[in-house]
Structure formats: structure tokens, C-alpha cells
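Take a look at the structure below.
The values are calculated or read from the model by the stated rules, or taken from the named source; none is laboratory data. As the structure is a prediction and not an experimental result, all values here were calculated from the model. Note that each Cβ is placed from the backbone with ideal geometry, even for glycine, and that neighbours are counted across all protein chains shown. The protein model used for the area step is the full one, side chains on, heavy atoms only, and it has no ligands, DNA or RNA in it. Shrake-Rupley method; radii C 1.70, N 1.55, O 1.52, S 1.80 Å.
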Amino acid sequence: MKKIIRTATVSISLDILLRGQLSFLKSKYEIVAVSGLDNHLELVAKREGVRVENVFMSRAISPLSDLISLIKLFFLFRKERPEMVHSITPKAGLLSMIAAYFAGVPIRVHTFTGLIFPTSTGFKKYLLIKMDRLLCKFATHIYPEGEGVKNDLINYKITYKPLKVIANGNVNGIDVAHFSPEAVLINEVNELKIKLGITVSDFVYVFVGRLVQDKGINELISAFDSISKDNSNCKLLLVGSLESDLDPLYTSTVDKIYSHPSIISVGWQEDVRPYFSISNVLVFPSYREGFPNVVLQAGAMGLPSIVTDINGCNEIIKDNSNGLIIPVKNEFALENAMRKIYHDKELYLNLKAKSRDQIVVDYKQEVVWNAILEEYQKLIK
């Protein structure tokens, strides 16, 4: 059986982004998952039934740490001799493609998800572009997660190699049976509402993701603060953890998250479905994405979304069809969209009615998995 090694910088990417996919692929190939060892990697081994290998990779640029990781990957690939190494996430991509090249791995695949350089500036942007170009130099095949990512790779001249979006985009698709309004018990929904102090008359905006600047949280908190002053039955539900080390929020934003009577912050949650079930609309004002799973999940749960006009989001959401699209970093537009979807009940119900159907047709998990398997078979053949 041919061996394929899948790598990611941190194991939560293998755990969350590729959930179920590795188990699906192992019926055809021997799959090995590589990342830093922690509870997420252990969960991948148990749930997916694949072997895992521990190689720590730093998310931040760290020359000494990166060199050590590169050497460890090289020796691992030399030892395992896989037919293919397939990476996701930027640092794992760079290190894995270089290590696999020198280890003699014949097929070296990288999937570009969210790109960092388009929203960066100065020397950091220059360095990130150089790193992605180097990654592509050592890879044999490049797959952008969506059409927006593909266009950025072309426009910034990251690579001249052929670029192909698999299926309709996204790295894993969506389990539409798991993410379904019917999958959450009504008793669970009612108990959660009571626990969080949400009443029948409340209109709940929900955000799911990391609470960092890049996700537009500063603008979201400020916009909601303005809305709540004349709409007392509006609530903002934040599902995600603060990451103050890499991309901290304004101090005033953090203070408001914990002091505002209508903002409910529940931290990171293993199962986000109950939180979608008690909400009315997803608000996702991110600055950059590849192909955001949370927008797929919300849609599958029957929620319309307010998203920024960025890669992935503007491919999943059709403006005034299954959600609203606003400019990036525009607090005024964000507030207006949030007010509009609250006050215009007919618009809200029309958006909601179309939310799930779009996801089921275009992003059902089996569609993506079979497209990936077909691509693997072509490459290895």
C-alpha cells in the first residue's frame, strides 16, 4: 500500500480541518500524520486510526527552531520513504516541501489555505512572499483552497506552476448530517439559553473563531456596542479563545468583552453546534481567510452570515441570497449590515431559508473527499 504523509504546523489543524478525511483515505493508502505531539495529535491517531509522528514546528518565524524542525522532517521522510508528502498551513508547507525534496520524495503537495501576505506590510510582507515562493519551488503540485486564494497566488506571482481548486473549494467539506439543525436536541438548546441568559425575544449575533484583530473583533465589538444602546434585546455571543501572544486585541475591546452586559463570551468549545442553534446570524468580519469552515458550518446549521469581501467568504456567501457581504475593516458597514438583518425581518427570513441548501449542494463532505482521492490517484498513477 502506498504511503502518504500529511503535515500541519500545529496538530489542531489536522484534528479540526481534516476531521474524518484521514480515516477515509486510509482505506486506499497508508496515512501518517505529522505535527507537534499534544492531545490533538493523540485524538487524530485515535479517531482517524492512523499513525502519527511528533515533529514540533513553530508558527512564528524562528530560524533556529525552524532549522531543527527541517532536519527532523528530513530524517523522518528518509526513514518513511513515502510516495507523497501533503502539507497544509504555511510553516509546515515550507519546511515539509524542502525536507521532502532533499529526502527524495517524488510527489510533494501543498494546499494553500489562508494567505497571510496580502494583508501584511513592509518587510514582513516581502519575507512572507519570498517564503511562499520558496515553498512552491520545492513542491511538485500546488492546490489553492479556493478561487480567491488562486487569484492571489497568480497576482503576486508566487508560482507559475499549474493551480487547481479541488471540487468547489475548502480542504475538507462539511458533514451536513453532523452540522444540521436537527442534530441538536431542543432540550439542549433550551438549557443553554437559560444558562447564558438568552430569552425567546433576544436576537443573537454569533462569532465563532479566534478572538484576534485579524478576525475583525475590534470592529465587531465597537459596532455591537453601538447597536445595543438602542436595541436592548440584541446579544453578541463570542465562541472562541483570546490569543494575546500573536495578534492581541485593543485593551478597550477586551475590557468591553468582559464588562458589556449583552456580550456573552464562552471561550473555545469542542462542539459549536448548540451555539449556532441559539443564534440568529453569524457575523464574521475577518480580514483574511482561505476558505472559512465556520461560515460553512453556520450555513449548514441554517444561519445566514454577514461576512467581509475576502477570499472564501465571498465564494460561500452570495450577497443578499444566503447572507450579506461588507467591505473589510469597515466598522460603519458592519454596523449597518448588523442593523439591517435585525430590522428587516423579511430579508432575514429569506436569507435564512437559503442558507443550508447552498452548503449541502456545493460543500457536502463526500464531494470533497472523493475529489481529493481522485486527485491522489492521478498523481500517484
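Let's see how each residue does on (1) within 25 Å of Glu374 (Cβ to Cβ); (2) acidic (Asp, Glu); (3) at pLDDT 95 or above; (4) open to solvent by less than 50 Å² (accessible area, probe 1.4 Å):
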residue: Ser120; (1), (2), (3), (4): no, no, no, yes
residue: Leu128; (1), (2), (3), (4): no, no, no, yes
residue: Arg133; (1), (2), (3), (4): no, no, yes, no
residue: Lys137; (1), (2), (3), (4): no, no, yes, no
residue: Thr140; (1), (2), (3), (4): yes, no, yes, yes
residue: Tyr143; (1), (2), (3), (4): yes, no, yes, yes
residue: Gly148; (1), (2), (3), (4): yes, no, no, yes
residue: Ile166; (1), (2), (3), (4): yes, no, yes, yes
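Scan Glu219, Glu182, Glu191 and give me the residue that is modelled with pLDDT of 95 or more, over 30 Å from Ile257 (Cα atoms), not aliphatic (A, V, I, L, M) and not in a strand (DSSP E or B).
Criteria check complete, one pass: Glu182.
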List pairs: first in region 13-36 and in a helix (DSSP H, G or I), second open to solvent by 50 Å² or more (accessible area, probe 1.4 Å) and of a type in the set (A, V, I, L, M, F, W, C), Cβ under 6 Å, 6+ apart or cross-chain? Asp15/Leu43
Any residue in region 205-232 that's charged (D, E, K, R): show its pairings with residues that are part of a helix (DSSP H, G or I) and surrounded by fewer than 24 Cβ atoms within 10 Å (Cβ to Cβ) at Cβ separation under 6 Å, as long as the two are six or more apart or on different chains. Glu219/Glu331
Please enumerate the residues belonging to region 150-164 that are open to solvent by 30 Å² or more (accessible area, probe 1.4 Å), assigned to a loop (DSSP other than H, G, I, E, B) and either in contact (Cβ under 8 Å) with a residue 24 or more places away in the chain or touching a Lys or Arg at 6+ places or on another chain (Cβ under 9 Å) (or both). Tyr156, Lys157, Lys161, Lys164
Residue under question is Leu17, and the condition is that it be modelled with pLDDT of 95 or more, under 25 Å from Ile372 (Cα atoms) and not charged (D, E, K, R); does it hold? no
Please give the number of the condition Ile116 fails out of (1) touching a Pro at 6+ places or on another chain (Cβ under 7 Å); (2) modelled with pLDDT of 95 or more. (2)
Search region 172-196 for residues that are closer than 21 Å to Val295 by Cβ and touching a residue at least 12 places away in the same chain (Cβ under 8 Å) and pair each with any residue that is in a loop (DSSP other than H, G, I, E, B) and open to solvent by less than 60 Å² (accessible area, probe 1.4 Å) when their beta-carbon atoms are under 8 Å apart and the residues are at least 6 apart or on different chains. Asn172/Leu18; Asn172/Gly20; Gly173/Ala167; Asp175/Gly20; Phe179/Met301; Ser180/Met301; Pro181/Met301; Pro181/Gly302
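Can you find even one residue in region 57-74 that is in contact with a helix residue (DSSP H, G or I) (Cβ under 7 Å, 6 or more places away or on another chain), under 22 Å from Ile372 (Cα atoms), touching a residue at least 12 places away in the same chain (Cβ under 8 Å) and open to solvent by 10 Å² or more (accessible area, probe 1.4 Å)?
no
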Give the number of residues within region 191-232 that are exposed (fewer than 14 other Cβ atoms within 10 Å of the Cβ) and not aliphatic (A, V, I, L, M). 8
Taking Ser87 as meeting all but one of (1) open to solvent by less than 10 Å² (accessible area, probe 1.4 Å); (2) among the hydroxyl-bearing types (Ser, Thr, Tyr); (3) over 20 Å from Glu53 (Cβ atoms), write down the number of the exception. (3)
